[in-house]
Amino acid sequence: MSEKKVVKKKKAPASESQSDGRVTTFDQRTITEFKEAFGLMDVDKDGIISADDVKNIFEMNGISIPDSQANSMVKEAGAALNFTVFLTLFGERLTGTDPEKTIIEAFENFDLKQEGSIPEEELLRVLKYKKGKPLDETEIQNMYKGNPPIANGKVDYKAFAHVISTGGDDKK
């Protein structure tokens, strides 16, 4: 009977993503923030973000999504969406990310009618009550001094993302 040699592959630290040859390393503070975010998203606390968890997250934010959309989001992971996979996905997504594009994609989550704009009151609600560090009244007033692209109570979020990412400077 021949002996089988077990070769353990050395795992990359959870703070690295190597699926496309690029490596993204997160500092401990960032990993802790991702762990907190994962904990919030893992609604049933089973260590895996499921399609039901995704639906619950959206519902907690007043947004209803179809099962197919939740399933599609989870399938993007390509494996059970545990914390390591979650961190790896973020590493892949953040490597080479265009900040303006990222901001636009975030705003698109609030643009349910896909009009390219969101209600000004929705923007203010998100900025004032977001998790992390919400903006105070002074910061919001300063935002208005920058002359954000708001007309008729609607925010053109693509133009707003450009202002945020470039400071309004058209030279990139």
When restricted to Asp20, Asp67, Asp27, the only residue at pLDDT 90 or above and loosely packed, with under 12 Cβ neighbours inside 10 Å is Asp67
Taking the range 132-163 and keeping residues under 29 Å from Glu36 (Cα atoms), touching an Asp or Glu at 6+ places or on another chain (Cβ under 9 Å) and assigned to a loop (DSSP other than H, G, I, E, B) leaves Gly132
Residue count, the range 111-164, condition touching a Lys or Arg at 6+ places or on another chain (Cβ under 8 Å) and β-branched (Val, Ile, Thr), comes to 2
Within the range 139-169, residues being surrounded by fewer than 12 Cβ atoms within 10 Å (Cβ to Cβ) and of a type in the set (A, V, I, L, M, F, W, C) number 1
Glu100: passes all of (1) more than 13 Å from the chain's Cα centre (by Cα); (2) assigned to a helix (DSSP H, G or I); (3) under 22 Å from Met41 (Cβ atoms) but (3)
Next on the checklist: Just checking, does the range 41-52 include any residue being without any contact (Cβ under 8 Å) to a residue 12 or more places away in the chain, in a helix (DSSP H, G or I) and surrounded by fewer than 13 Cβ atoms within 10 Å (Cβ to Cβ)?
Outcome noted: no
Please determine whether any residue of the range 55-76 is over 28 Å from Lys158 (Cα atoms) and among the aliphatic types (A, V, I, L, M). no
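The values are calculated or read from the model by the stated rules, or taken from the named source; none is laboratory data. Bear in mind that the values here come from a model prediction, so they are computed numbers and not experimental data. Every residue, glycine among them, receives a Cβ derived from its backbone with ideal geometry; neighbour counts consider all protein chains shown.
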